[in-house]
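The structure appears below as structure tokens.
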Amino acid sequence: MEAGTAEYRYTSKLTITMWSTKYDPNVPIFGNKVIGVNYGELELHGIERKITWTDISATADIGATSITLSAMQNGAVLDWAVGEEIVIAPTGYSGRDAEQRTIASITNTDTNPVITFTKPLLHKHYSGKQIFGAGTANEDFIEMRAEVGLLTRNIVFRGDPEHS
């Protein structure tokens, strides 16, 4: 199976939906919602995204409707767009505190982009740096920042919504 090539990427939308229930027969080791290739190749070359993961530069509190991303590295330009989906990783004790949001607007894209969404955050997403030492050049620090990932892609694998 092939969709696009490294030189000529697939630019339309392609959604591959895997249908099954947890009671259907399994492919050993892999489960029952799987794409398996035996003696062949699976090549999918969708639209290339320059930045797919970054992190926040300031803590986002419960109820916030925007986040400020860290400065883009090496002159990279954020190519995210209004209407695309992002995920904000949890920074608390529960891995279930990740939040998915739709981008409503993006401002200040050359330094620290600000992503705004319409639905407020339900959890706090921390960003900070704790320094250990006496201010010497050899000080130790722990830097913790919620990661932000771009979920939107033009080639999508998904489980059927009825039996996810």
Just one listed residue, out of Ile103, Ile88, Ile67, is surrounded by 10 or more Cβ atoms within 10 Å (Cβ to Cβ), without any contact (Cβ under 8 Å) to a residue 40 or more places away in the chain, in contact with a strand residue (DSSP E or B) (Cβ under 7 Å, 6 or more places away or on another chain) and hydrophobic (A, V, I, L, M, F, W, C), and it is Ile103
If we ask which residues in the range 119-164 are part of a loop (DSSP other than H, G, I, E, B), modelled with pLDDT of 85 or more and more than 29 Å from Asp61 (Cα to Cα), their number turns out to be 1
Restrict the check to the range 53-71 and report whether at least one residue is of a type in the set (A, V, I, L, M, F, W, C), more than 17 Å from Ala146 (Cβ to Cβ) and touching a Lys or Arg at 6+ places or on another chain (Cβ under 7 Å). no
Going through the range 39-58 in order, the residues found to be of a type in the set (S, T, N, Q) and more than 15 Å from the chain's Cα centre (by Cα) are Ser57
Restricting attention to the range 17-66, the residues that are in contact with a His (Cβ under 7 Å, 6 or more places away or on another chain) and either in a strand (DSSP E or B) or at pLDDT below 90 (or both) number exactly 4
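The values are calculated or read from the model by the stated rules, or taken from the named source; none is laboratory data. This one's a predicted model, so the numbers in the text were calculated from it and none came from an experiment. So basically every Cβ, Gly included, is an ideal-geometry build from the backbone, and we count neighbours across all protein chains shown.
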